[in-house]
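For reference, the structure discussed in these notes is given below.
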Amino acid sequence: MKIQVTSEGDLHILELVGELDYHSSPELREKLNELASKQASKVLVDLKGVDYMDSSGIATFVEAFQKAKRYQGRLVLAELTDTVRGVFEIAKLESIFEISPTVIEARERLAVKA
Amino acid sequence: MNDPVRPIIEVKNLVKVFGDRAVLDGINILIPQGKITVIMGGSGCGKTTLLRHLIGLHQPTTGEIWVDGSNIAGLKEKEMNEVRRKFGMLFQGAALFNSMTVGENVAVPLKEHTTLSAEIIRIIVRVKLELVGLTGFDDFMPHQISGGMKKRVALARAISLDPKIVFYDEPGAGLDPITASMIDRLILDLSKKLNITSVVVTHEMKSAFRIADQIIILYKGKVLQVGTPQEIQNSKDSYVQQFIKGEAEGVIPFKQTSEAYLKGLLET
């Protein structure tokens, strides 16, 4: 899996490409933990390049969400493929996350207050 | 996206001989991906032996067993372990570790096969327990929960690594009819929601007709019939009819003839 992190002021964008599974999710966790330790206020995860995600992927996002919530940070997930969306739905977690259909919409969402 | 009817398991001319007896005698079956296949048959028909071959616990005398693109017949233990990561297995007796909590039991495969952190494993365990309807039971010990709940914990453990295939050995054994039907519903639910291929070995007719997309009936180590529950129900085969109706009298001999008995007795 490739993870590219870019920052634009207080907005941090993670673009993921490949399979998010128990081999690759520790690397994503590391990146998200770095942002959490800096108390990053706005994190956008672009998932359009992720064609498979397993339970470790979803657990990584749950942990990042818990951490962000503690310091009132925001985590928005954008452009979920059907497979990835399905994993969120199965785990009954699609309602707790902020999910955007497009990266543009996710940026707009983060530009306004929650 | 995978074609939902692509076979994920293909068994070709499988023969297993124990001593001078062919327990499996030329088995050919296709197990479609994402569907529930029920393997049925009376005691001694070879269904448990077949299941053991599918999960690599027995090696065939001859024949091939293709699981998700690999022929597992003749695989070395290390290679077999790689293939086994794609499986989940629900054993007949749940087989929980009594000294561990429910949550720790579900976490065992994750700790053994991955390098995931304890925090991530804890979250995965909670998601899996929710899937089997056991949210909040993480800290219970196995002796504090019922037999049906133990089965569900074992199922949560079987799906902890997101397997493509789950094998169930007599999932309803030892459970009351209501709990057994709850387990059936869970098998259906997981299969549909997670697109898991399920292979269920059972002799319980009601359960088979409730959950199966495909039923395979074995008799004396051979495949007697393969079909949808409807096709099996309407089968003209007298063996199949006797079997599904559970009749003692019919073409399947309930006991040996007295001639065979005397012959056997006098020859030894």
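Out of A:L28, A:L35, report the one residue that is touching a Ser or Thr at 6+ places or on another chain (Cβ under 9 Å), more than 10 Å from every other protein chain (Cβ to nearest Cβ) and part of a helix (DSSP H, G or I).
Of the residues listed, the single one that is touching a Ser or Thr at 6+ places or on another chain (Cβ under 9 Å), more than 10 Å from every other protein chain (Cβ to nearest Cβ) and part of a helix (DSSP H, G or I) is A:L28.
Hey, can you tell me all the residues within the range B:96-107 that are within 14 Å of chain A (Cβ to nearest Cβ) and either among the small types (G, A, S) or free of Cβ contacts under 8 Å to residues at least 12 places away in the same chain (or both)?
B:G103, B:A107
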Here, helices (runs of 4 or more DSSP H) confined to the range A:40-114 with at least 2 residues that are open to solvent by less than 20 Å² (accessible area, probe 1.4 Å) and β-branched (V, I, T) are A:55-70
Conditions: (1) touching a residue at least 24 places away in the same chain (Cβ under 8 Å); (2) open to solvent by 40 Å² or more (accessible area, probe 1.4 Å); (3) under 25 Å from B:F209 (Cβ atoms). B:T62 meets all but one. Number of the miss?
-> (3)
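Within the range A:8-25, track down each residue that is open to solvent by 40 Å² or more (accessible area, probe 1.4 Å) and away from every other protein chain (no Cβ under 14 Å).
Hits for the range A:8-25 are A:E8, A:G9, A:D10, A:E15, A:V17.
Quick one: in the range B:208-237, of everything that is in contact (Cβ under 8 Å) with a residue 24 or more places away in the chain and open to solvent by less than 10 Å² (accessible area, probe 1.4 Å), which residue is farthest from B:A22 (Cα to Cα)? Give the steps one after another, and end with the answer.
Applying the first criterion (in contact (Cβ under 8 Å) with a residue 24 or more places away in the chain) to the range B:208-237 yields B:208-224, B:226, B:233.
Next cut, open to solvent by less than 10 Å² (accessible area, probe 1.4 Å) only: B:208, B:211, B:215-218, B:221.
On the way: B:A208: 26, B:I211: 30, B:I215: 22, B:I216: 19, B:I217: 17, B:L218: 13, B:G221: 7 Å.
Out of the qualifying residues, it is B:I211.
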Given the conditions (1) more than 11 Å from the chain's Cα centre (by Cα); (2) away from chain B (no Cβ under 14 Å), every one holds for A:L77 apart from (1)
Of the residues B:P177, B:P171, which is more than 13 Å from chain A (Cβ to nearest Cβ), over 25 Å from A:L28 (Cβ atoms) and buried (at least 17 other Cβ atoms within 10 Å of the Cβ)?
-> B:P171
Within the range B:130-163, track down each residue that is surrounded by fewer than 21 Cβ atoms within 10 Å (Cβ to Cβ) and at positive phi.
-> B:G133, B:G136
Somewhere in the range A:93-112, is a residue closer than 25 Å to B:D162 by Cβ and in contact with a helix residue (DSSP H, G or I) (Cβ under 6 Å, 6 or more places away or on another chain)?
-> yes
The number of residues in the range B:108-129 that are within 12 Å of another protein chain (Cβ to nearest Cβ), surrounded by 14 or more Cβ atoms within 10 Å (Cβ to Cβ), closer than 26 Å to A:E27 by Cβ and within 26 Å of the chain's Cα centre (by Cα) is 9
All-but-one check, A:V5 against (1) assigned to a helix (DSSP H, G or I); (2) among the hydrophobic types (A, V, I, L, M, F, W, C); (3) away from chain B (no Cβ under 14 Å), failing number (1)
For B:E82, which of the numbered conditions (1) open to solvent by 70 Å² or more (accessible area, probe 1.4 Å); (2) over 22 Å from the mean Cα position of the chain (by Cα); (3) free of Cβ contacts under 8 Å to residues at least 12 places away in the same chain fails to hold?
-> (2)
Can you tell which of B:G56, B:G93 is of a type in the set (G, A, S), open to solvent by 60 Å² or more (accessible area, probe 1.4 Å) and either closer than 30 Å to A:M53 by Cβ or touching a residue at least 60 places away in the same chain (Cβ under 8 Å) (or both)?
-> B:G93
For the range B:220-246 the number of residues that are hydroxyl-bearing (S, T, Y) and modelled with pLDDT of 90 or more is 2
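The values are calculated or read from the model by the stated rules, or taken from the named source; none is laboratory data. Please read all numbers here as calculations on a predicted model, not as lab measurements. With ideal geometry, Cβ positions are generated from the backbone for all residues, glycine too; neighbour counts draw on all protein chains shown. Keep in mind that these areas ignore ligands, DNA and RNA; they rest on the heavy atoms of the full protein, side chains included. Shrake-Rupley method; radii C 1.70, N 1.55, O 1.52, S 1.80 Å.
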